[in-house]
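Participant: Here's a structure for you.
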Amino acid sequence: MESISISSSSSSLLIPHKTLPKSSFSKVLSISMAKAWSEKSWSLRVRSEAAVDPSISPRVNSVKPSKTVAITDLATSLVQSGVPVIRLAAGEPDFDTPEVIAEAGMKAIRDGYTRYTPNAGTQELRQAICHKLKEENGLDYTPDQIVVSNGAKQAIMQAVVAVCSPGDEVIIPAPFWVSYPEMARLADATPVILPTDISDNFLLKPENLASMLNEKSRLLILCSPSNPTGSVYPKELLDQIADIVRKHPRLLVLSDEIYEHIIYQPAKHTSFASLPGMWERTLTVNGFSKAFAMTGWRLGYIAGPKHFVAACGKIQSQFTSGASSISQKAGVAALGLGYAGGEIVAKMVKAFQERRDFLVKSFGELEGVKISKPQGAFYLFLDFSSYYGSEAEGFGVIDGSDSLCRYLLEKAQVALVPGDAFGDDKCIRISYAASLSTLEAAMLKIKEAMSQLRSPVAV
């Protein structure tokens, strides 16, 4: 809306001229100018006051906010306000970054190693990653086939954007990490969800995958060990999946291997790119956050055929540029700990396994809870659907995973993540990246809260 502002030494007047009839506007303007003129000091200014367009990009509007981040932030704010919430929602190890890694980062600061690095990462770190992939995963890469990013999440996002066109389909087995479908949407691709079942340990059936593929299928995302289920794909099943992928020339595979070192015997990790004929069509993503307890260092990487990885690097060059120089020095130290992180990582994995075993036993004592014993990562994905329809005094009816988690946060003061965020509303996710004593306290509170639920009355 346009307006005219008349100012003098003693007063000012803003006239929104489109709100007045023409004759009235002229009269007001004449009187106001005469007054200003008589004071020998006046100014006249016309300005536009068009309303600001508050619209957001349709692409961004299609994206759901991360529920794990939201719940973690809520639990943190409650703790800061004095509520003793036990936080078992975040996918973050409770261990400190190993001292040798932290010292490498601090040395980088002391030595003044605080400037920009090459966009794709330092040569030193990329060579160390190539050595790791060869020694531990049986994969041959050169440094120009590696891009180091600010976390594995960025590496995945850039890969999806780099290879997907509008209308392409991204095949995502459910339960899935909350960000996969939203990344597909941000790339103007269509997420296609492939359900799995707890009776199959949440592993996809090859025949179900085959039935969903078509000429639009561009990317299959596999996460092993899995967030949120802890499931590990055995080599035999991956071979069957590879046989199906081989029949679809456009289909690529993004293999998210961020939890590869957090794995419990007898399970073994297999990199999808190591299977016959899969190197050429696999983008392998990994990082330092989980195994090395380096979540805040924000360091991950992608490895793959040069033309795909170069496209990821091009996006990164216009997005964030290279990862932190300090974090990259710490990453070199992490990869120098030895095979699979050596004894330092092995101790953390042993602690995770003890916690897993405690929770599996404890939840097994709750009637109606279905459990798939995780073979890796640090999550339990538990089927609580037998409790849906129950009522809690002062709370109301438990009608799904979201209301169950709200109930447990309110009554037990334990923060968990509802399964609907991961594509399976029957379940909830509990992170056991917390001390055994913390988990013991949480179990007491959860069992007490669940005992207060009343079964639905039959009518």
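Participant: Mind jotting down the three principal axis lengths of region 76-210 based on Cα atoms? Whole angstrom, largest first.
Facilitator: Largest to smallest, the principal-axis extents are 54, 50, 31 Å.
Participant: Note down the net charge around Val163, summing +1 for each Lys or Arg and -1 for each Asp or Glu among other residues with Cβ under 11 Å from its Cβ.
Facilitator: So the surrounding residues net to +2.
Participant: Rounded, prolate or oblate: which one fits region 227-312, using the alpha carbon gyration tensor with axes a ≥ b ≥ c (rounded when a/c is under 1.5, else prolate when a/b beats b/c, else oblate)?
Facilitator: Here region 227-312 falls in the oblate category.
Participant: Antiparallel DSSP bridges in the chain: what percent, to the nearest 5?
Facilitator: So the antiparallel bridges in the chain amount to around 60 percent.
Participant: Can you report the principal axis dimensions of region 362-430 using only the alpha carbons, biggest first, rounded to whole angstrom?
Facilitator: In descending order, the Cα extents are 38, 23, 22 Å.
Participant: Follow-up question, since we're still on this one. Between Arg246 and Val52, what is the spin-label point distance in nm, taking each point 7 Å from the Cα along the Cα→C-beta axis?
Facilitator: Label-label distance for Arg246 and Val52, simple model: 5.8 nm.
Participant: Another question, then. Working from Cα positions, state the angle (0 to 90°, nearest 10) between the long axis of helix 342-364 and the longest principal axis of the chain.
Facilitator: Result, in degrees: 90.
Participant: Another question, if that's okay. For a test of the definition: using alpha carbon positions, the gyration tensor, and the 1.5 limit on a/c, classify region 195-340 as rounded, prolate or oblate.
Facilitator: Oblate shape, in that a/c is at least 1.5 and b/c is the bigger or equal ratio.
Participant: Can you give the charge dipole size of region 308-450 about its Cα centre, rounded to the nearest 20 debye, using +1 on the beta carbon of Lys and Arg and -1 on the beta carbon of Asp and Glu?
Facilitator: It comes to approximately 780 debye.
Participant: What's the carbon and sulfur percent of region 325-394's accessible surface, probe 1.4 angstrom, rounded to a whole number?
Facilitator: 50
Participant: From largest accessible area down, sort Arg355, Arg115; use a 1.4 Å probe on the protein chains.
Facilitator: Listed by decreasing accessible area, they come as Arg115, Arg355.
Participant: Something else about it: Any idea which of Ala441, Phe395, Ser431 is furthest toward the positive side of the dipole for region 372-459, if Lys and Arg beta-carbons carry +1 and Asp and Glu beta-carbons -1?
Facilitator: With unit charges placed on the Cβ atoms, the residue in question is Ala441.
Participant: Considering only protein heavy atoms and a probe of 1.4 Å, how much of the accessible area of region 144-206 is carbon and sulfur, as a whole percent?
Facilitator: Its accessible area is 50 percent carbon and sulfur atoms.
Participant: Additional query: Sort Ile398, Ile56 by accessible area with a 1.4 Å probe, largest first.
Facilitator: The most accessible residue leads, giving Ile56, Ile398.
Participant: Report the rotationally averaged projected area of the chain based on its alpha-carbon convex hull, in square nanometres.
Facilitator: Its Cα hull, projected and averaged over all orientations, spans 33.2 nm².
Participant: In vacuum, with every alpha carbon of region 397-456 counted as one equal point scatterer, what does the Debye formula give for log10 I(q)/I(0) at q = 0.23, 0.24 Å⁻¹? Two decimals, please.
Facilitator: -0.97, -1.03
Participant: Something else now. Relative contact order for the chain: what is it in percent, counting Cα pairs under 8 Å that are at least 6 residues apart?
Facilitator: So the answer I get is 19 percent.
Participant: Taking the full set of protein chains and a 1.4 angstrom probe, give the accessible area of Phe358 in square angstrom, rounded to the nearest 10.
Facilitator: Surface open to solvent at Phe358 totals about 60 Å².
Participant: Can you give me the solvent accessible area of Thr142 with a 1.4 Å probe, rounded to the nearest 10 Å²?
Facilitator: Thr142 has an accessible surface of roughly 70 Å² with all protein chains in place.
Participant: Here's something else I'd like to know. Please give the per residue accessible area of the chain, computed with a probe of 1.4 Å over protein heavy atoms only, in Å².
Facilitator: Value returned for the chain: 46 Å² of accessible area per residue.
Participant: Counting alpha carbon pairs within less than 8 Å and at least 6 residues apart, what relative contact order, in whole percent, applies to region 35-187?
Facilitator: 22
Participant: Here's something else I'd like to know. Order the following by accessible area, largest value first: Glu448, Glu169. Probe radius 1.4 Å; ligands, DNA and RNA are ignored.
Facilitator: If we order Glu448, Glu169 from most to least accessible, we get Glu448, Glu169.
The values are calculated or read from the model by the stated rules, or taken from the named source; none is laboratory data. The model shown is predicted, which means the values in this text are computed figures rather than measured ones. Backbone-built Cβ (ideal geometry, glycine too); neighbour counts: all protein chains shown. Accessible surface is based on the protein model in full, side chains and every heavy atom, while ligands, DNA and RNA are left aside. Shrake-Rupley method; radii C 1.70, N 1.55, O 1.52, S 1.80 Å.
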